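Written out below as structure tokens is the structure these notes cover.
The values are calculated or read from the model by the stated rules, or taken from the named source; none is laboratory data. These figures come from a predicted structure and were not determined experimentally. Glycine also receives a Cβ, built like all others from the backbone with ideal geometry; neighbour counts cover every protein chain displayed. Note: accessible area is taken over every heavy atom of the protein model, side chains too, but ligands, DNA and RNA are not part of it. Shrake-Rupley method; radii C 1.70, N 1.55, O 1.52, S 1.80 Å.
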Amino acid sequence: MSRLKLLPAALALLTALPVSAWAQSMNMADMPGTSTSAAQEPRADHDDAHADHAVASQPPVQDTRPPNDHVPPPPPSSSMHAMTPAEMTDAMEMNPSPPLGMLLIDRLERGRSTNGDYATRWEAEGWWGNGIDRLWLKTEGERNGAGTQDGRVDVLWSHAWTSFWDWQLGLRQDVGQGPNRQWAAFGVQGLAPYWFETQATFYVGEQGRTAARFEASYDLRFTQRLILAPKLELNFYGKDDPQRGISSGLSDVEAGLRLRYEFSRKFAPYVGINWTRRFGGEDGVMDGTSLHARETTWLAGVRFWF
Amino acid sequence: MDKQDPRGIQLPRRRFVQGLALGGIAAGLGLWRDGALAQAVAPRSELSGNHFELDIAELPVNFTGQRRLATVVNGQLPAPLLRWRQGEPVTLRVRNRLAVPSSIHWHGIVLPADMDGVPGLSFDGIPPGGEYVYRFTVNQSGTYWYHGHAGFQEQTGLYGPIVIEPREGERHAAQRDYTIVLSDWSDTRPETLYANLRKQSGYYNQGKPTVGDFLQDVGREGVAPALAQRQMWNRMRMDRSDLADVSGATYTYLLNGQTPAGNWTGLFDAGDKVRLRFINGASMTFFDVRIPGLKMTVVAADGQAIEPVSVDEFRIGNGETYDVIVEPTADRAWSIFAQSMDRSGFARATLAPRAGMDAAVPALDPRPLLDMSDMMGAMQHGDMGHGGMSHDMAGMAMEMPGMPGMPAMPMPHDQAAPPLKTGPEVDMRVATPRNNLDDPGVGLRGNGRRVLSYADLRSVNAPISPRVDREITLRLTGNMERYRWSFDGVLASEAGPLRLRHGEHVRIVLVNDTMMSHPIHLHGMWSELESPQGEFLARKHTVVIQPAQRVSYRVSADAPGRWAFHCHLLFHMAGMFREVVVA
């Protein structure tokens, strides 16, 4: 309440100065029934938020220019009925963040690995919300001759936390080979310095299982439309899970390079290459799965959103 | 106009940007077969007197080859010129023939609060099929405009010029007098434009830094300087190319409702003095205006007379108006060239002795990039290698030289900006804002032309506010990545109104903590722009604050009621908004 402290000082300084405006506003404040008078109302929070200073009134500046022709307007003949800020926003049709949804198919690609295997892979995310709180759906996985592999679906509630970061809380369901595990998920997602799109998510599952997933990507522009996007994904697990081709510690690393051409912002085909290294098994096919320990995949796909 | 910018702006559909020769309303009305309309002086509706009938309705238009629905007044885009006379009462019956609520706001006009046309503050808006009768006495003179204040109707065409004749006649005689309404048209619905920005804030930025730009800089300056130059921007996640949220990628820029190809033409006889009343009625576009070969004498800003100042070029923010006088001496055509601030397109018209003439249209200037002063304010030198830009800057602020010998100067403490926390609503803050009003702004600095700046504005008459009783500082804040805009990092719905006592004189200090220029418009009361030393410069209704800049103005709270106070960029407005209550 710095205003209140400043007020006596300002009044003291006023003695030598014209006080008509002050007097006028004081009188108004004292008048009963002027319910909207600022002085009578409890200070709203935002009065503090504004740096709001009583200025030691300066003597009127001697302006040698001719007077202006300004005429103050008469008061309104009808005043608006009371509205809550939300009603006002509605009346103005000016909600700055009405609910909005986006679905991004970041990768929908067909690839041929150097092992000669063909596979279709996807990674997609969708959100719905107001910009501060959002419901997220994320999924990625792979389909090959043996069916769905290495798939996951995350459903997360996300809340804007700092300028560039959101925290996220939710559930993950694994699908594909082996037992389909469920996890509780907690993570952060945002834009790291130097424009790296980053996600880091920690998971706790049944039977004391834990996991962590880290993903970062970058857009390197050759032109406004031709964009090279390197991407890195790391998965860590607390326990071995051989049926899903998972080993404890750093379980797999995936690094990709995709060169896309944005015909529009919303539609971009690409070609790329992806390296995968799965740890824990011997080189070759992972025990109990059709996943390879080392894979280099050439791929072509499409990225689109709406 | 063959080659666009070499830095990589792609204008893939030339026709789209330049528009159709025969676009707009003519096509919408099915008159397009009438070849005589091409290149002709555009028919312009003008209404004068004391009583006005205005009908808001939808009308098909065609600016790009695509038929779209525009929001128009009396079948006109822009809406008809309203010619009023100072001192006279006007009555305006506005009918809403849309299927949704509508409203018209008289931008820059001093009037009773219930006539201001802001739904939710002035009145309930005009329901579909309904009408509202605006009644007020016009006590000012000059160039103003009116526009929709409900939803995004302004983007789809709901704007038009107002000219108020002074009681004692014009201060500057001119043989010709034209209003020039600059605007931006998109075939995409404004709701979609806004949604695209919220999904990807750089959606319409087609000048993002590329590998090629980097290699060019390396070639010119060497690896280390090129890297260093990028280091801070990239670490801060600030985009130097972020000059306009919406660009020529979707916009066709219009001048009096004509595309560049449509070429609106104003006639003159050699030796005439031509008064051009520029109005920026665009939703999201700042324009840089010049008439190659002609000096422009600026005689009014925001409708208010200023001491004439002769310039080659001026920047006009959304909602601002400038009156200029030009004297085309030769019997030839001249181009009025208004390029968007991000150089992604332009609006254009011709001044000519006869209809159908044409002059060379200059190439777009190279696309500029924001520089350090746009991010750091007054603290633009030195190594920002450590710890961002907050605390160690405060010391610099205190060391900034005071302004000795100026009895009426602002309190020095407002030089050091009050604390502001970054967060979801705020992605940066400027510890030492610059107050260099003589800066014409990014893209105009040192371009070899004499460019108008706020420091050039000198009102011909005295201020309304002779003194300042109270000072209110507001930070203009935003988060570009999230596409959120606010004052002080707080949305209007959460902040409650800003309360002024009737009769008090306040100084509003605006500090821009974003990397964009914001035209801030206060309804109902004048914004009396001050120099950094607190001297009155000029009376405005819309004040542009450049990135990292601090601008102050006085407001005489002499208009009881509830008023809107907001950024006039359409997609910033909902967030960067306050209700102002004068009681």
Query raised in the report: If you average the sequence gap of Cα pairs under 8 Å that are 6 or more apart and divide by the length of segment B:423-486, what percent do you get for the contact order?
Result: 48 percent
Report summary line: Quick note, segment A:105-305: a/c under 1.5 would make it rounded; otherwise a/b > b/c is prolate and the rest oblate (a ≥ b ≥ c, C-alpha gyration tensor); here it is oblate
Report task. Net charge near A:Trp183: determine it from the other residues with C-beta under 9 Å of the C-beta of A:Trp183, scoring Lys and Arg +1 and Asp and Glu -1. Result -> +1
Query raised in the report: What GluC sites (Glu not before Pro) does segment B:464-571 have in DSSP loop regions with at most 11 other beta carbons within 10 Å?
Result: none
Query raised in the report: Roughly speaking, what is the centre-to-centre gap between segment B:432-472 and segment B:345-364 when only Cα atoms are used, to the nearest Å?
Result: 30 Å
Report summary line: Asserting the computed 222 nm helical MRE of chain B (DSSP H runs at least 4 long, -39500 (n - 2.57) per run, divided by residue count, to nearest 500) equals -3000 deg cm²/dmol
Requested in this report: Assign one of three labels to segment B:459-583, namely rounded, prolate or oblate, based on the Cα gyration tensor with a ≥ b ≥ c the square roots of its eigenvalues; rounded applies when a/c is under 1.5, prolate when it is not and a/b is larger than b/c, and oblate otherwise.
Outcome: oblate
Query - In nm, spacing of pseudo-spin labels at B:Lys421 and B:Val218 (7 Å Cα→C-beta vector) - result: 4.2 nm
Query raised in the report: Considering every residue in B:161-167, what mean count of other chain Cβ atoms within 10 Å of its Cβ is obtained?
Result: 0
Query - Share, in percent, of DSSP beta bridges within chain B that are antiparallel, nearest 5 - result: 70 percent
Report task. Run the numbers on segment B:108-225 and let me know its relative contact order in percent, using alpha-carbon pairs under 8 Å that are six or more apart. Result -> 17 percent
Query raised in the report: What nm distance separates the two modelled labels at A:Leu250 and B:Glu46, each placed 7 Å from Cα along Cα→Cβ?
Result: 7.6 nm
Query raised in the report: Distance from the Cα centre of segment B:68-112 to that of segment B:240-261, in angstrom?
Result: 24 Å
Query raised in the report: Are there GluC sites (Glu not before Pro) in segment B:139-244 that DSSP marks as loop and that have at most 16 other Cβ atoms within 10 Å, and which are they?
Result: B:Glu168, B:Glu170
Query raised in the report: Cα centroid distance between segment B:149-171 and segment B:181-202, in Å?
Result: 23 Å
Query raised in the report: Once fully extended, how much extra length lies between A:Leu103 and A:Ser79, figured as 0.36 nm per residue of separation less the alpha-carbon to alpha-carbon distance?
Result: 4.2 nm
Report task. Go ahead and run the numbers for FRET between A:His159 and A:Gln207, Cβ-Cβ distance against an R0 of 30 Å, rounding to 0.05. Result -> 0.50
Requested in this report: Find, among the trypsin sites (Lys or Arg not before Pro) in segment B:281-355, those assigned to loop by DSSP (not H, G, I, E, B) with at most 16 other beta-carbon atoms within 10 angstrom.
Outcome: B:Lys295, B:Arg332, B:Arg354
Query raised in the report: Leaving out ligands, DNA and RNA but keeping every protein chain, what accessible area does B:Arg135 have, in Å² rounded to the nearest 10, with a 1.4 Å probe?
Result: 150 Å²
Query raised in the report: Over segment A:105-305, what is the relative contact order in whole percent, taking alpha-carbon pairs under 8 Å and six or more residues apart?
Result: 16 percent
Query raised in the report: What is segment A:114-222 by shape, rounded, prolate or oblate, if you read a ≥ b ≥ c off the alpha carbon gyration tensor as root eigenvalues and call it rounded for a/c under 1.5, prolate for a/b larger than b/c, and oblate otherwise?
Result: oblate
